[in-house]
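**Student:** Take a look at this one; I'll ask things after.
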Amino acid sequence: MSSSDSSLEKALIAVAQKAAKQVRDGEVLGLGSGSTVARFARALGDRIKKNNLNVLIVPSSMQAWMLARENKLKFHPDSAHCPKILDLAVDGADQIATKSRAMIKGGGGQLLREKIILSSSRRVFILVDSSKVVRKLSRSVPIEVVQFALESVQEKLEREFNSKPALRKLDKGYPYYTESGNVILDAQFGEVDHPKELEVSVKELPGVVEVGIFNCKVDRFFIGNQDGSAETL
């Protein structure tokens with residue numbers, strides 16, 4: 001591991017610990033997925049053990065379920081369904097725009113459940129490294145689509161949005177399927193000037209289940225920097 005990688009790792013661990021310290025006793029927490037969230041799950045498990053806290057987890061995916069289980073976190077009695085209101089959601093992001101505070105998520109394929117959890121939470125924390133913080137969103141946007149509508153959605157994205165959507169595939173060439181049984185199109189839109197409008201207009205296409213542009217309210221962004229420092233926005 002290079003010195004810069006080591007510094008970033010220290011920063012991400014610090015970010016995870018900072019976020020874990022903000023979790024309150026008795027809260028129901030929606031847990032996202034990804035490598036930074038994995039660090040948070042470890043930090044939360046350590047804090048719960050040290051302080052004997054009662055925190056219940058609602059996982060957004062099988063990976064989140066595994067993270068909670070590995071770190072001996074307690075599950076909400078009905079963790080197969082999202083409660084009407086969660087106290088806190090903790091997740092990562094693929095890209096964050098400082099201008100709009102919008103995000104692109106879904107690189108791991110869990111955009112549908114993650115958006116449900118984030119939109120149902122009183123507080124939302126997002127944990128990332130600084131390379132994912134940009135002025136405007138610009139990376140490919142995951143779009144979850146029902147299988148029946150795959151070709152029709154592809155055609156509409158090309159014709160109406162001048163996009164070039166690609167079906168997400170596994171290493172062996174098989175289609176990637178979400179935990180809800182849908183497929184994902186990764187679509188390029190260039191720099192996104194109006195993320196709210198783009199999210200709404202793509203979501204209106206028949207067959208689109210969810211869009212990986214997130215415009216939900218985020219209370220705190222926890223950011224780990226390459227120099228080893230950690231900051232909160």
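**Student:** Counting only residues that are of a type in the set (A, V, I, L, M, F, W, C), give me the strands (runs of 3 or more DSSP E) lying completely in region 186-233 with at least 2 of them.
**Tutor:** Correct list: 208-211, 220-224.
One line per residue, one yes/no per condition, for (1) farther than 30 Å from L233 by Cβ; (2) assigned to a helix (DSSP H, G or I):
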{"site": "I126", "(1), (2)": "no, no"}
{"site": "L150", "(1), (2)": "yes, yes"}
{"site": "V153", "(1), (2)": "yes, yes"}
{"site": "L157", "(1), (2)": "yes, yes"}
{"site": "K172", "(1), (2)": "yes, no"}
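**Student:** Sticking with this one: Taking the stated definitions as given, is G45 among the small types (G, A, S) and over 26 Å from N182 (Cα atoms)?
**Tutor:** yes
**Student:** Answer yes if at least one residue in region 98-117 is surrounded by fewer than 24 Cβ atoms within 10 Å (Cβ to Cβ), under 20 Å from A230 (Cβ atoms), outside the structural domain of T178 (by TED's automatic domain parsing) and in contact (Cβ under 8 Å) with a residue 24 or more places away in the chain, and no otherwise.
**Tutor:** yes
**Student:** Can you tell me which condition H194 does not meet? The list is (1) assigned by TED's automatic domain parsing to the domain that holds K156; (2) of a type outside the set (D, E, K, R); (3) crowded, with 18+ Cβ neighbours inside 10 Å, and all the others hold.
**Tutor:** Condition not satisfied by H194: (3).
**Student:** Here is a follow-up. For S6, only one of the following conditions fails: (1) farther than 22 Å from D219 by Cβ; (2) part of a helix (DSSP H, G or I); (3) modelled with pLDDT of 95 or more. What is its number?
**Tutor:** (3)
**Student:** Across region 213-233, which residue is farthest from K105 (Cα to Cα) among those that are of a type in the set (D, E) and out of contact with any helix residue (DSSP H, G or I) (no Cβ under 7 Å at 6 or more places or on another chain)?
**Tutor:** E231
**Student:** Which residues, counting only those in region 9-56, are in a loop (DSSP other than H, G, I, E, B) and hydrophobic (A, V, I, L, M, F, W, C)?
**Tutor:** V23, L53, V55
**Student:** Next question. Can you pull out the residues in region 159-170 that are outside any loop (DSSP other than H, G, I, E, B) and of a type outside the set (K, R)?
**Tutor:** E160, F161, A166, L167 - these are the residues of region 159-170 that are outside any loop (DSSP other than H, G, I, E, B) and of a type outside the set (K, R).
**Student:** (1) closer than 21 Å to S140 by Cα; (2) free of Cβ contacts under 8 Å to residues at least 12 places away in the same chain; (3) among the aliphatic types (A, V, I, L, M): which one isn't true of A80, the others all being true?
**Tutor:** Here A80 meets the rest and fails (1).
The values are calculated or read from the model by the stated rules, or taken from the named source; none is laboratory data. Quantities reported herein were computed from a predicted structural model and do not represent experimental measurements. Positions of Cβ are backbone-derived with ideal geometry, glycine not excepted, and every protein chain shown enters the neighbour counts.
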